[in-house]
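Take a look at the structure set out below.
Derivation of every value follows stated rules applied to the coordinates shown; laboratory data play no part. Values in this document were obtained by computation on a predicted structure and should not be read as measured data. Methodologically, a virtual Cβ is constructed for each residue, glycine included, from the backbone with ideal geometry; neighbour enumeration extends over all protein chains shown.
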Amino acid sequence: MIFNLETIVRKNILSLKPYSSARDEFSGKDGVFLDANENPFGELNRYPDPYQRELKQNLGQLKKISSENVFIGNGSDEVIDLTYRIFCEPDKDNVIICPPTYGMYEVSANINDVAIQKVDLLPEVFQLDTDKILAAINKNTKLIFVCCPNNPTGNSVKWADIKKILENFNGIVVVDEAYIDFASYQSLITQLPNYSNLLIMQTFSKAWGLAGARVGIAYADAKIISLFNKVKPPYNVSELNQKAVLKALDNYPEFERMKEIILKEKELIINKLKELPKVKKIHPSEANFLLVEVENADKIYNELVAQKIITRNRNNVVKNCIRITIGSPEENQKLIEALNKI
C-alpha cells in the first residue's frame, strides 16, 4: 500500500499558519533582546529555544538520525495528544488500540472526541492480533497504537506483526518505545527510512531517570515532524528541562550504570519471586517492571501498601496481576521482605 500523508492529515492543519514567536524571527544568542516582552532581569528571564535545536542535534548524533526527524515534547503525553490533533477529525475519525496497554492512548482519544476501536492482544502471550487489526481498519481509521515493550505486560511485540500493519495501512502506526532502553532488541528507529507512516515515541522518564523533567520524543519522517512543529505550543519544553536532558546526555556512562543496576536487580527479583508460593506467574518482561500474577491481587496490593510498599494493582486489566517496578537494591529488598510477611 502506498502511503499518502496529505490524505490523512486534517485539512485545517494542512492550511494552518503557525504562531511565529520572537525566537522564530531571531534565533541568535548575542544582542540586546527587546523583542519578546521579557523581563531583562533574572536567571530564567529569557524564553527557551522553541525548537530545542541543541537537544535535537545531540539526540540525532546518539540515534544516528537527522535532527529533522526529531520532535521534542512535554512528555510523551504531549506527543500522543498532538498526534490526535494533527491526524484525527473530532467526532469523525477513529483509532485502534490493543488492550491491555498504556491508558493515555484511550484518555487522549476521549479528550479529542475520537472514536476508539479496541482489538485485544492475544491472551497470555500479549501479541498483536494482526488479522483482527487489519479487519478493523476503515476509511476513517487514522492511527494504530502499538506499545513495545508493552505496558503493563512488559513483553516485546513481534516486528513481523508491526511490519505487516505498516505495509497494509494508509495511516500512522505509532510505536511507543518508552521502555526500549531496557530491552534486549534494538529500536525501530532504523526502520524509519523504509516506512514513512511509522512514528516512534521514546522518553527520558524511564532509563534516563528524568521523569520529573517531562521530556518525550517522537522520531518520524521529516514531513510528519514538520506538522508537529507547526501545531505545538511555541515554548513547549522549558529551559530547565532542556538543560536537564543535555546534562544527562553528556554523562552517558551514568545512564549505562543505572540501566545495568536495574537489569541485574530485575533478575534477582524474578528469582526471589519464583520462590514464593503466592506468585503464580511472572510474565516475560523487556522493561524495568514485572507483571506478576498472584493468588489475590487486591489483597496482596493492600497488604503491601500497609507496609509502605507501593506497587500497581492491575487486577482490573489483567486478572490477579500486580505490576512491580524495579527499584534500588534497598527498595527491592524491602519488597521481598514485605511479600514474605504476607
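Any idea what Rg and Dmax come out to for the range 42-151 if you just take the C-alpha atoms, in Å?
Just the Cα atoms of the range 42-151 yield Rg and Dmax of 17.3, 58 Å.
Starting from the Cα of Asp113, move 7 Å in the Cα-to-Cβ direction to define the label point; list residues of the range 76-96 whose amide nitrogen is under 13 Å from there.
89-93, by backbone N distance to the label point.
Bin width 10 Å, alpha-carbon pairs only: give the P(r) of the range 190-342 as whole percents, running from 0 to the bin holding the largest distance.
Going from the shortest bin to the longest, the percentages are 9, 29, 27, 22, 11, 1.
Please list the non-local residues whose amide H lies under 5 Å from the amide H of Phe289, H modeled 1.01 Å from N, same-chain partners needing a gap of 5 or more.
Ile326
At 20 °C and 1.002 mPa s, grab the translational diffusion coefficient of the range 253-341 from Stokes-Einstein with a Kirkwood Rh over Cα pairs, rounded to a whole number in µm² per second.
It diffuses with D of about 162 µm²/s by this estimate.
Largest first and in whole Å, what are the equivalent-ellipsoid semi-axes of the chain based on the Cα gyration tensor, each being the root of 5 times an eigenvalue?
In descending order, the three semi-axes are 36, 27, 17 Å.
Report the Cα-based extents of the range 1-88 along its three principal axes, largest first, to the nearest Å.
Cα spread of the range 1-88 along its principal axes, largest to smallest: 55, 33, 22 Å.
As I understand it, the dipole of the chain uses +1 on the Cβ of Lys and Arg and -1 on the Cβ of Asp and Glu, about the Cα centre. Which of Gly31, Ser196, Pro284 lies farthest toward its positive end?
Pro284
Are there trypsin sites (Lys or Arg not before Pro) in the range 116-147 that DSSP marks as loop and that have at most 13 other Cβ atoms within 10 Å, and which are they?
The qualifying sites are Lys139.
Report ³J(HN,Hα) in whole Hz for each residue of the range 303-317, in order, from the Karplus equation J = 6.51 cos²θ - 1.76 cosθ + 1.60 where θ = phi - 60°; Gly and Pro get x.
6, 5, 4, 4, 9, 6, 10, 9, 10, 10, 7, 10, 4, 7, 10
As an exercise, find the ratio Rg/Rh for the range 224-294 from alpha-carbon atoms, using the Kirkwood inverse-distance average for Rh.
Taking Rg over the Kirkwood Rh, I get 1.22.
Taking R0 as 30 Å, what FRET efficiency do you get between Asp30 and Lys247 from their Cβ-Cβ distance, rounded to the nearest 0.05?
In this case the efficiency is close to 0.80.
Among DSSP bridges having both ends in the range 5-250, what percentage is antiparallel? Round to the nearest 5.
That works out to approximately 35 percent antiparallel.
Using θ = phi - 60° and the Karplus curve 6.51 cos²θ - 1.76 cosθ + 1.60, what whole-Hz ³J(HN,Hα) does each residue of the range 156-163 get, with Gly and Pro shown as x?
Going residue by residue, I get 7, 10, 5, 4, 4, 6, 5, 4 Hz, with x marking Gly and Pro.
Rounded to the nearest 500, what is the chain's calculated 222 nm mean residue ellipticity when only DSSP H runs of at least 4 contribute -39500 (n - 2.57) each, over all residues?
Estimated from H runs of four or more residues: -10500 deg cm²/dmol.
Tell me the GluC sites (Glu not before Pro) within the range 232-324 that lie in a loop according to DSSP and have at most 11 other beta-carbon atoms within 10 Å.
Counting only loop positions with at most 11 other Cβ atoms within 10 Å, the GluC sites (Glu not before Pro) in the range 232-324 are Glu275.
Can you check what the net charge comes to around Gln307, using other residues whose Cβ is under 10 Å from the Cβ of Gln307 (Lys, Arg +1; Asp, Glu -1)?
+1
Quick one: give the max-minus-min coordinate of the C-alpha atoms of the range 124-228 along each principal axis, largest first, in Å.
Largest to smallest, the principal-axis extents are 39, 39, 23 Å.
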